[in-house]
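Q: This structure is in structure tokens; I'll ask about it shortly.
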Amino acid sequence: MARVDIEEVVKTYGNVRALDGVSLSIASGEFFTLLGPSGCGKTTLLRTIAGFNAHDGGHIRVDGTPIDDVAAHRRDMGLVYQDYAIFPHMTVSENVAFGLVTRRKPRAEIEERVRRVLDLVQLGPLADRLPQALSGGQQQRVALARAMVINPRILLMDEPLSNLDAKLRIELREDIRTLQRSLGITTIYVTHDQEEALVVSDRVCVMHQGRVHQVATPPEVYARPATLFVASFVGAMNLFADLAVDAAGNVTVAGVRLRVPALAGRTRATIGIRPEDVVLDGPDDGAPSLSFDAKVERASFAGRELLLRLTAADSTGLAANSYRPDPSAVPQPGQHARARLPLSRLHAFDPATGARIGTGA
Ligand SMILES: Nc1ncnc2c1ncn2[C@@H]1O[C@H](COP(=O)(O)OP(=O)(O)OP(=O)(O)O)[C@@H](O)[C@H]1O
Ligand SMILES: [Mg+2]
């Protein structure tokens, strides 16, 4: 168990600032995920924590002690990569034993620890197999077991599931989470898959272009995205960009005006609403909302949900989802619908900085 503090860490490659002043703290025993699009700096940050990258500025501490000058092999961290990196000529148990053999542990201890960790990842019966006789998911379990057997203070995982098919990814992410909980090991996990990040993490750090945009629990990130980038990267969000705000805090969307108290005193704002928060043809409960007629452009029935693409008379586009749709009443293109955007469900952002202003509620 270990706490990790990252303070103003900078890493440049030529003129690319791969890490542009990253600060965050990871609590002992936490499952912490770095989430962001390709090239945002996730791997660079993970490798910097592991000690494989020298950073150009800032500090990394573990339990308060700076480790900036500690060699990678002395940092006591276990690493799992996307491409397993297990040895093809060694059996499952030899692969898992590797880190203990190089640490010159007594043979009896090695056997005992390997057996225990193989049971944990449910590979006990396959201990004598060679990797070529394993599925992708089983190979990744070997990599996980190999990282865990040395009892690292911190477990680092870089997109460990991305080479697996969708079904296996879901299965293994549950297993990784359960295992991490039972061991209580501080875990830093990298993914570009927002759903995976929401499902497995205690907290998520959303990164973009070498910077931290938000660090929060999954429900907080989803309900209160800190920036425009987070709003569009995590889940889906309809955005009405760079609207004029009048002196009373009114904005106009699809020709309809609404006073958004949070916008008082501002001149411009970007407003967002998640597709599932748009109310279609529902009874008006009298709460403040933007309400307008729209035409169905496209209706996609996906079983448990219905995905609609709508356009208002002034050609404002809107995505709307509803759950448990009635299969006998799927709207047809050209049909009209009344769309209501409740004030309490709106998100407001500063168009200049992208920072969250708040919601209307
Ligand atoms: N060894 C290197 N030399 C030069 N530039 C690099 C090097 N490693 C990474 N970069 C650059 O640093 C930035 C961050 O890269 P990084 O690999 O950390 O991204 P990532 O978030 O892990 O992306 P992905 O999801 O594609 O793995 C990118 O612009 C990348 O091109
Ligand atoms: Mg990467």
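Since every read-out is calculated from the coordinates, none of them should be taken as a lab result. All values derive from a computational prediction rather than experimental measurement. Glycine gets a Cβ as well: all are built from the backbone with ideal geometry, and neighbour counts include every protein chain shown.
Q: Mind listing whichever residues of segment 269-283 are part of a helix (DSSP H, G or I) and either within 18 Å of Leu243 (Cβ to Cβ) or touching a helix residue (DSSP H, G or I) at 6+ places or on another chain (Cβ under 7 Å) (or both)?
A: Asp277
Q: State whether one or more residues within segment 199-210 are among the hydroxyl-bearing types (Ser, Thr, Tyr) and over 19 Å from the mean Cα position of the chain (by Cα).
A: Checking segment 199-210: not a single residue is among the hydroxyl-bearing types (Ser, Thr, Tyr) and over 19 Å from the mean Cα position of the chain (by Cα).
Q: Which condition number does Ala216 fail, the rest of (1) touching a residue at least 24 places away in the same chain (Cβ under 8 Å); (2) under 30 Å from Ile154 (Cβ atoms) being met?
A: The one condition Ala216 does not meet is (1).
Q: Would you check which residues across segment 238-284 are within 20 Å of Ser322 (Cβ to Cβ) and among the charged types (D, E, K, R) and list them?
A: Arg274, Glu276, Asp277, Asp281, Asp284
Q: Step by step: first the residues of segment 136-168, then only those that are buried (at least 21 other Cβ atoms within 10 Å of the Cβ) and of a type in the set (Lys, Arg), then the one that is nearest to the chain's Cα centre (by Cα). Which residue is that?
A: Checked segment 136-168; the qualifying residue nearest to the chain's Cα centre (by Cα) is Arg141.
Q: Looking only at segment 19-36, count how many residues are farther than 16 Å from Pro160 by Cα, surrounded by fewer than 23 Cβ atoms within 10 Å (Cβ to Cβ) and within 19 Å of the chain's Cα centre (by Cα).
A: Counting residues in segment 19-36 that are farther than 16 Å from Pro160 by Cα, surrounded by fewer than 23 Cβ atoms within 10 Å (Cβ to Cβ) and within 19 Å of the chain's Cα centre (by Cα) gives 6.
Q: Of all residues in segment 173-199 being hydrophobic (A, V, I, L, M, F, W, C) and touching a strand residue (DSSP E or B) at 6+ places or on another chain (Cβ under 6 Å), which is farthest from ligand 2 (Cβ to nearest atom)?
A: Filtering segment 173-199 for residues that are hydrophobic (A, V, I, L, M, F, W, C) and touching a strand residue (DSSP E or B) at 6+ places or on another chain (Cβ under 6 Å), the one farthest from ligand 2 (Cβ to nearest atom) comes out as Ile185.
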